[in-house]
Amino acid sequence: SDMAQVMPWGGEYSLIAELSLPAFPFTLDDATLGVLGGNSYLDGRTYDDLTDRVLSIDVSRGRHDQFQDFQSSTMAITLSNNDRELDPVNQSSRYWDPVTETSGVTIRRRVILYYGTTAIFSGLITDIDISYDPTSAPNTRSTVDISVADDFVVLANTYLDEFLPAIELSGSRVNAILGLPEVNYSGTTSIDLGTVTCLDDPVAFGTRALDALQAVAGTERGYLYMAGDGTLTFTDRVVGSPIIEKLFADDGTGTEYSSLSIVYGQENLFNRVICTPIDSVVPGVAENATSIATFGVSALSLNNLLFSDADAQDLAEYMLELYQLPSYRFDGMTIIFAGNQVSLVDQAEIIGLDLGDTVRIVKSFSVGSPAKIYQNVTIEHVDHKISPLAHEITLKFSPASFSTLVKTATGSGTGGSTAVGITIIDRTAIGTGSAITGDEADGLHIAPRTASGSGLGTQTADARNATQNRTATGSGAGSETAVG
């Protein structure tokens, strides 16, 4: 944008809105503008740069925990309007159309907020409020508050005819819904294939398009959201280790954060999981008897799923593995762009993060042990508060979905070893040894067991015990291998 503002912390921002009169409007009987398929537009408006009017911007995107559906994200903008250009009844405004006697400052016009060339938010105006503060004549101070919502607001107000879907993967079902004549979604999309098969249960007449899409996402346990640039995004369920997009740390090893909130309790404790598909005969049920005996029953019920009972059982076991024990959890983090405390490189990387991305956070302690812990967490919610003085970003997290859960680990490595802290349940793993520059430490702990063995000659001594807390010994002769 030509009028982008460079803020004191070095970031460059621009706010543009689709307010101006139609550019190249289609005109009957006009040799140029009256040609269908030519360079004229039935309802195309040019974008105006409002950056120099910005007093404050607040953006709220995502959901507050992983058990909610994503709803429409919002942006609240306060703009200077002393010249009344943004007053919808000002007939002298450049946004006033004398032909239609209407203003371009109206609802359902697109507004996009950029950091550099990265869109932080893209959505449609839902509300415009004007404030006048009379002062001594003839000057009057005016501000305009504009509310913007992403395109989920369109899907939430679109209703389906009765829909008889095919048996198909969840990604295909999303595309099928978006392609229905009554939806005819024309925005940019990024749709994963899906990992589960949706059955052919009919979708009732009058179902909201957004509800039908969220039913698919709830079945997949993937993410369905509007990206910052307005792309409708659907992701597969994360199984295994997700990609770590960025490291945040308070010990100099990663980007520094301003504050970190930690919770420990039953917010994410579910030791009995019930997954019930539509028309289910045998719902999926998984429970951890030890956790129930220790903490009492804490149940999670997922209903109206679109797949088979067998798939429901798999999902119940998947969810139980993640949430069967109370967790010490990094819940939220705040980063502040102000002055020179966050480099431009880090700013751009942080702005580039989106919902569903996984980051690693390191927390250090001046007392107690271990001295450091880290967690991998997935972004569920992001808030931006932008003023002339600072840009404050608050992220809310859920535990990253690992097939083998990585919790907290400390330790040291030898030679070229890499530090790994792996534990199936909520324990702290500690490794010993020495490390050189660039190495990381290994702390590996599968379960608290002891095994030993002995061998003869050049044989290899092995001691294995997968299930019990016992000590095993064994010996071999000749070329045999000693196994205990």
14 Å cut-off, amide nitrogen to a point 7 angstrom out along residue 132 Cα→Cβ, residues in the stretch 72-91: 81-91
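Considering only protein heavy atoms and a probe of 1.4 Å, how much of the accessible area of the stretch 273-335 is carbon and sulfur, as a whole percent?
Numbers: 1460 of 2700 Å².
Exposed carbon and sulfur together represent 54 percent of the surface.
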Whole-number D in µm² s⁻¹ for the stretch 301-396, Kirkwood Cα-pair radius fed into Stokes-Einstein, 4 °C, 1.567 mPa s: 77
Pairs beyond 19 Å (Cα-Cα), from 246/385; 246/363; 372/396: 246/385; 372/396
Potential lengthening between residue 188 and residue 390 on full extension [0.36 nm per residue; Cα-Cα distance subtracted]: 69.6 nm
Between the stretch 339-389 and the stretch 43-94, the Cα center-to-center distance that results, in Å: 26
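The values are calculated or read from the model by the stated rules, or taken from the named source; none is laboratory data. Every value quoted in this text rests on a predicted model; they were computed, and no experiment measured them. For neighbour counting, all protein chains shown are included, and Cβ atoms are generated from backbone atoms with ideal geometry for every residue, glycine included. Protein only, heavy atoms only, side chains kept; ligands, DNA and RNA dropped before computing areas. Shrake-Rupley method; radii C 1.70, N 1.55, O 1.52, S 1.80 Å.
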